[in-house]
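All of the numbers you see were taken from the coordinates with simple rules; none came from a lab. Bear in mind that the values here come from a model prediction, so they are computed numbers and not experimental data. As a convention, Cβ positions derive from the backbone with ideal geometry for all residues, glycine included, and neighbour counts pool all protein chains shown.
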Amino acid sequence: MSCLFVVNILLSARTARFWRKNRLRILEQFESPIVFYPESASDLPPVDLKEIGTIVFIGNDTFFHWVVNGFYQLLTENFNRNILAFIPDSRSSALTDGLGLPTRTHKAIELIKRKRTIPMDLVRCHYIDHHGLPASQLVLNDVIIGLPPLKVPRVMENMFQWIRSIPFPRFRKNNKAISLLHEGELLYKGEYFFGILLLGRRVTGGPKIIRRKRINLAKFDYIQLNTHSMKSITAVLPDLLSGRLEDREPDLFYRKLNELEIKGVSKNNKLVADGAHIGRLPASFTLLPKAVRVISPLLAAKVKAGWKEKLASAKVPKPVGNREIVDCPRESGKR
């Protein structure tokens, strides 16, 4: 089957420079490659995906977000037939960091040719778009809630300097109300500064927050900073940016969830998904387990030689109380 390359050269000058430098080296490694240059975020290739084995997206994290959303209906029609691969146009990619992908282009090509894949979880997000209408998106890595879109890179890269640059009276007036619900149960209601929904380890265009990589997630992480006190913010942010996350209400709210509904009526409750400003609250988020298959070396790193021996020697934990667990007897000579 053919390999389809979807390259963002018409919408990104950085990707165009990357493609000019690496195009021949990449394409010569594949037999009969097909190259598609989308002219917009919703542009689809004029090929039948049933004839395509691997789809390689080349660009940045935000481009990956838009093309997977555009391709997703076609991908579900060819479920488990198409394999997705990512080659970023720079080394600062949150998606490739979470998937454990190599940063060097030749290493990425070798991995794609081996077709080693893992199932990748996504999040379905329902929200209010820029026109005030209900809309839906797939989230690949993260959602930032409640921060102005133009300030997101500055906030994430240098949080303390941005906070100190805001006049304190204006900072105190920027209060926003929010309600968090999980399966109909109210988890939190009150004011907040910003929230982060995270599937990977790193915020798009920002710091690393979670230590674990993207494999067998089962739940996404939701972190919310609630305080409007400068003293409390400077106390909480080091833990947030170092990955030492603990639920310290009312300053810091942290949960692992598979679905979340967020209610908020202010226009200041912006939603930025995978680096793209998509709309505002209210919104709901639902984990879609194993939604697509992606090229990744994580499976090989997760399952090491000798795991059966470790499993055979593992002890069955005792239950709480006086009840006992009766283990199934093993036949002699079998492990």
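Neighbours of ALA276 by Cβ distance under 13 Å: Lys/Arg scored +1, Asp/Glu scored -1, total -3.
Can you check what the net charge comes to around TYR127, using other residues whose Cβ is under 14 Å from the Cβ of TYR127 (Lys, Arg +1; Asp, Glu -1)? Don't skip to the end; give the middle numbers.
Values: positive: ARG124, LYS263, LYS267, LYS270, ARG280; negative: ASP129, GLU261, ASP274.
Neighbour charge sum, excluding TYR127 itself: +2.
This ranking places VAL294, VAL7 by how few other beta-carbon atoms lie within 10 Å of each, fewest first, which gives VAL294, VAL7. If you take all other residues with their beta carbon under 10 Å from the beta carbon of GLU183, and give Lys and Arg +1 and Asp and Glu -1, the sum is -3.
In terms of other Cβ atoms within 10 Å, ARG114, ARG81, ARG202 run from fewest to most in the order ARG114, ARG81, ARG202.
By other beta-carbon atoms within 10 Å, ranking THR204, THR117, THR62 with the fewest at the front produces THR117, THR62, THR204. Listed cross-link partners LYS189/LYS256; LYS189/LYS219; LYS176/LYS267 are compared with a 20 Å cut-off, the Cα-Cα value being larger for LYS189/LYS219.
How high is the relative contact order of the range 2-115, given as a whole-number percent (alpha carbon pairs under 8 Å, six or more residues apart)? Don't jump to the answer; show the numbers that get you there.
On the way: 150 pairs, mean separation 32.8, N = 114.
Worked out over the range 2-115, it gives 29 percent.
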